[in-house]
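The values are calculated or read from the model by the stated rules, or taken from the named source; none is laboratory data. The structure displayed is predicted, hence computed values, not measured ones. Heads up, the Cβs are rebuilt from the backbone with ideal geometry, glycines too, and the neighbour counts pull from every protein chain shown. Side chains included, ligands, DNA and RNA excluded: accessible areas come from the protein's heavy atoms. Shrake-Rupley method; radii C 1.70, N 1.55, O 1.52, S 1.80 Å.
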Amino acid sequence: MTKNYQRIIAVLAVLLLAAQMIYTGFRNRPEEVELVVERPILIWYTDPDVQSYMEAAAAEASSKYHVEIRAELVSEVDYIEKISERSVAEEMSGPDIYVASSALLEKATLAGLTAPVTDEGLKETYSEKAVQAVTYDGTVVARPFYIETCVMLYNRYYVEPEKVPADIDGILDYAENFEADAVTGRVENIFKWNVADVIDNYMFLGAYTDLGGPSGDDKSRVSMDLEKIEECMAYYQNLNSFFAIDADTVSSEEVIREFIDGKTVFTIANVPMLAELDRAVAAGEIPEYETERTEINEAGEEERIQVSYEPFYQAAPLPALTGELDTRGLSVTNGVVVNPYSSNREAAEVFARYLTEVRFGQLYKETGKLPACHLPAQKEERKHFMGYQSLYERLLGKEEEIQTDMDEYGIVYQAYDAAAEVPKIMELSNVWLQLEVVLADIWRGADAGVELEEFSELLKGQLD
């Protein structure tokens, strides 16, 4: 080892020690915010899946800020109405903070139950799409909390990454050429997804449907290109003859279980399905794959090679239908709203940031929900520490971008950013139940043109 190299290693060691000291210093610095509250801070939410996260966050923030914080799971029935009723009562007993889907933000804003979010750097902490999802009439009215969307998953033992089809035509080609062997012998489905779930199925018409513009709040932007969508629906209907998925019995639980068991090559999965998959992988509930296979090398000779994949699956963007017909997924963003009727506004703002930007790293692990935030809230902390780490990487000749903890889910975030957000327009609140029925009927063989025309007329009628 040369003296120069020894010097470089010594410098690196000093830099890393300094970086760790700075990082630890920022982590352990005393909290500068002193909260004064008139009563315990109350937060409402409706999803039981986040109960553990909400309760843990309330307990930890209570200790951190020395105030009482209570998280309460409530029914989603008449949710905004109950918040309004409790907030305007003679003695305000409504929540200081509440979690709401982006679809409810028009209703909440028109009821006077949202306050502008004016945090500096909001667009640096979240993607533009996430900020749009919590924007109504040009004003950000909530902090993005967690997201829902769909991606395609494939089994890496069955499909090499460089050969993953870009469209469903390519999946059909794969199916036609499929031959079971020692590796693929357990395959029962080439492509399977929940054809009864509107979030999974929306992709088939999403590229040619606009439900309110980028923020989903513009009634003048609601439109459907019926000619294109009818082509998509004809293609969608024909897939039933290839994959024969029963819309009356299929479920997301069944679909992801069969993928976990190695019975399916390609699937469409939403975030809860991805969380179940990751849980199964962590628990070792996956089959053992044949890791030795025979391939023909460049010389045209048979060659035995070893393959092993951790994990066994990979995410990919949603496939197009064909080279001419595109797809677009659907997304839902749940946000944290500060109630303007709260007498604890300053404290509520602090806890809202704590929920969404400080403790977000625990969200997926504890609930299976993917946080909208995937950058640390403590930007100064990250800037100082990552600056030294970047220098360390450059000195070693590595140019890889520094990744955050959630970057392994980068494909999911990309799919979310590309997806259409559910609209905030109140008149369209029941559109998903109706669309789910339309798509299921078309899958079973109903006339796509007739079904789409009726659905389009229904949309127009609700907006008039």
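Descriptive notes on the structure:
- Any chance residue 76 is within 30 Å of residue 429 (Cα to Cα) and either aromatic (Phe, Trp, Tyr) or open to solvent by 30 Å² or more (accessible area, probe 1.4 Å) (or both): yes
- Any hit, the range 212-221, residues being touching a residue at least 60 places away in the same chain (Cβ under 8 Å) and over 23 Å from residue 135 (Cβ atoms): no
- Members of the range 432-464 that are open to solvent by 20 Å² or more (accessible area, probe 1.4 Å), aliphatic (A, V, I, L, M) and either in contact with a Leu (Cβ under 9 Å, 6 or more places away or on another chain) or in a loop (DSSP other than H, G, I, E, B) (or both): 446, 463
- Exactly one residue out of 257, 186 is among the charged types (D, E, K, R), assigned to a loop (DSSP other than H, G, I, E, B) and either farther than 18 Å from residue 317 by Cα or without any contact (Cβ under 8 Å) to a residue 12 or more places away in the chain (or both): that is 186.
- The number of residues in the range 57-105 that are of a type outside the set (D, E, K, R), assigned to a helix (DSSP H, G or I) and at pLDDT below 95 comes to 4.
- Candidate set from the range 93-105 (those that are open to solvent by less than 20 Å² (accessible area, probe 1.4 Å) and in contact with a strand residue (DSSP E or B) (Cβ under 6 Å, 6 or more places away or on another chain)); member that is nearest to residue 338 (Cα to Cα): 97
- Odd one out for residue 218 among (1) more than 27 Å from the chain's Cα centre (by Cα); (2) farther than 21 Å from residue 273 by Cα: (1)
- Summed over the range 262-302, the residues that are out of contact with any helix residue (DSSP H, G or I) (no Cβ under 8 Å at 6 or more places or on another chain) and of a type in the set (Phe, Trp, Tyr) give a count of 1.
- Beta carbons closer than 7 Å, at least 6 apart along the sequence or on distinct chains, pair a first residue in the range 142-160 that is modelled with pLDDT of 95 or more and of a type in the set (Asp, Glu) with a second that is open to solvent by less than 10 Å² (accessible area, probe 1.4 Å) and part of a strand (DSSP E or B) for 148/331.
- Restricting the range 106-157 to residues that are part of a strand (DSSP E or B) and open to solvent by 30 Å² or more (accessible area, probe 1.4 Å), the residue that is farthest from residue 417 (Cα to Cα): 139
- Residues in the range 434-464 that are of a type in the set (A, V, I, L, M) and free of Cβ contacts under 8 Å to residues at least 12 places away in the same chain: 437, 446, 450.
- Filter result for residue 287 (surrounded by fewer than 17 Cβ atoms within 10 Å (Cβ to Cβ) and either farther than 24 Å from residue 122 by Cβ or not charged (D, E, K, R) (or both)): yes
- Per-region count, the range 35-72, residues exposed (fewer than 14 other Cβ atoms within 10 Å of the Cβ) and in contact with a Pro (Cβ under 7 Å, 6 or more places away or on another chain): 1
- Within the range 158-180, tally of residues that are assigned to a helix (DSSP H, G or I) and not basic (Lys, Arg): 12
- Hits in the range 331-369 (condition: surrounded by fewer than 22 Cβ atoms within 10 Å (Cβ to Cβ) and in a strand (DSSP E or B)): 332
- Scanning the range 222-253 for residues that are over 19 Å from residue 327 (Cα atoms) and without any contact (Cβ under 8 Å) to a residue 40 or more places away in the chain gives 241, 244, 246, 249, 253.
- The criterion of being without any contact (Cβ under 8 Å) to a residue 60 or more places away in the chain, within 30 Å of residue 213 (Cβ to Cβ) and over 24 Å from the mean Cα position of the chain (by Cα) does not hold for residue 303.
- Extreme residue, nearest to residue 262 (Cα to Cα), among residues of the range 165-206 that are touching a Lys or Arg at 6+ places or on another chain (Cβ under 7 Å) and open to solvent by less than 40 Å² (accessible area, probe 1.4 Å): 187
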